[in-house]
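K.L.:
The structure's right below; bear with me while I get my questions together.
The values are calculated or read from the model by the stated rules, or taken from the named source; none is laboratory data. If you're wondering where the values come from, they're calculated on a predicted model, not measured in any experiment. Glycine gets a Cβ as well: all are built from the backbone with ideal geometry, and neighbour counts include every protein chain shown. Only protein heavy atoms, including side chains, enter the accessible area calculation; ligands, DNA and RNA are left aside. Shrake-Rupley method; radii C 1.70, N 1.55, O 1.52, S 1.80 Å.
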Amino acid sequence: MNSRIGFALLGTLAFGLLAGCVDAETPMQERTRHAQKAQAVVVTPEFKLVGAEEVPEHLFLTQLGLLVSEIRLTPMASTSSGVAYSTAEPIELSFDVAEGQFVQTGKAVTLPDAGRYVVSIRLEPMVQGDQELGSLSVEGFVASETSDVSKNSDGTPLPLPFDEKPEGDGLTDAAEAPLAWTPFTYNSRRTVFYTLNQVDLEEGDQYLEFSFDLRDWANGVATHISKAVKTSPATGEDGGVDVTRQIESLGQGVDAIVQTGAVTRDPTRF
């Protein structure tokens, strides 16, 4: 099962290590092993952005990244006090929002027991080579009206960042009230651990769907991005105005988006 990774057992547990030669499996041992495999709880995490079609019109998002350093599952009933299960590898998610990409899938993981679990998630920045990946990173454009049409020699509207939205809703830019689209970037270096809700996991394969509401997050942050762009002296050469400091100071960044999260179990696609 190359597509599956194990869970790291959290808590204070002692493990006995067996050394020496390993005998070939007997028929009974082989049947037992296959029975145990059939009873495994195999979970594939899937991450979705919802509500993208209801983002404020003056905010056009192009890229959104989430760095999930941990998914933690804590059994509601356990024979071992303080035991929880955690993914062992970070999950780097990159959504091409401008192209309508709102779903990303991680590697499958295996739990030893079925049951009801409390699901928590940790978003955390990470250094990869000479690049710092934020726990939440966003790129896009924010619009502001301008009354000076004369700046365009032919009197046509100022250019848009894209011809249309991913779902086909045109970005209008009427000549009577042309819009200036300014690029912006946001890259959070904050670590956030957040408990979502409870799910019932059963034996066999299933999806664990994490959803984050892009509409609610954008409605809370759009005005602050506009203000940050207006007060910025100039745009950067590569990514435009960096609004990270302003958004972080208001608590409207990675903290706000993770609080829109919810998780559900979906066994229907296997």
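K.L.:
Kindly indicate the residue of the range 60-86 that is open to solvent by less than 30 Å² (accessible area, probe 1.4 Å) and over 15 Å from the mean Cα position of the chain (by Cα) and also modelled with the lowest pLDDT among those meeting that condition.
P.N.:
V83
K.L.:
Test V127 against the stated conditions and say whether it is farther than 23 Å from R265 by Cβ, at pLDDT below 90 and outside any loop (DSSP other than H, G, I, E, B).
P.N.:
Values: farther than 23 Å from R265 by Cβ: yes; at pLDDT below 90: yes; outside any loop (DSSP other than H, G, I, E, B): yes.
The answer is yes for V127.
K.L.:
Quick one: in the range 43-59, which of the residues that are open to solvent by 10 Å² or more (accessible area, probe 1.4 Å) and of a type in the set (V, I, T) is nearest to E92 (Cα to Cα)?
P.N.:
Selected residue: T44.
K.L.:
To continue, here is another question. Looking at (1) closer than 15 Å to V138 by Cβ; (2) open to solvent by 50 Å² or more (accessible area, probe 1.4 Å), which is the one condition that is false for R265?
P.N.:
(1)
K.L.:
Scan the range 95-149 for residues that are open to solvent by less than 60 Å² (accessible area, probe 1.4 Å) and among the polar types (S, T, N, Q) and jot them down.
P.N.:
Hits for the range 95-149 are Q104, T110, S120, S135, S137, S144, T146.
K.L.:
So which residues in the range 89-122 are hydroxyl-bearing (S, T, Y), out of contact with any Leu (no Cβ under 7 Å at 6 or more places or on another chain) and either at pLDDT 95 or above or in a helix (DSSP H, G or I) (or both)?
P.N.:
Within the range 89-122, S94, T105 meet the criteria.
K.L.:
Out of T244, T185, T264, T223, which single residue is modelled with pLDDT of 90 or more, of a type in the set (S, T, N, Q) and in contact with a Gly (Cβ under 7 Å, 6 or more places away or on another chain)?
P.N.:
Residue meeting the stated conditions: T185.
K.L.:
Can you run down the residue pairs with Cβ atoms below 8 Å, 6 or more apart or on separate chains, where the first is in the range 208-220 and open to solvent by 40 Å² or more (accessible area, probe 1.4 Å) and the partner is assigned to a strand (DSSP E or B)?
P.N.:
Matching pairs, first to second residue: R215/V50.
K.L.:
So, one more: Any residue in the range 140-153 that is under 19 Å from the mean Cα position of the chain (by Cα) and at pLDDT 85 or above?
P.N.:
Start the filter on the range 140-153 by keeping residues that are under 19 Å from the mean Cα position of the chain (by Cα), which leaves 140.
From what is left, the residues that are at pLDDT 85 or above are 140.
Looking for residues that are under 19 Å from the mean Cα position of the chain (by Cα) and at pLDDT 85 or above, one finds at least one in the range 140-153, hence yes.
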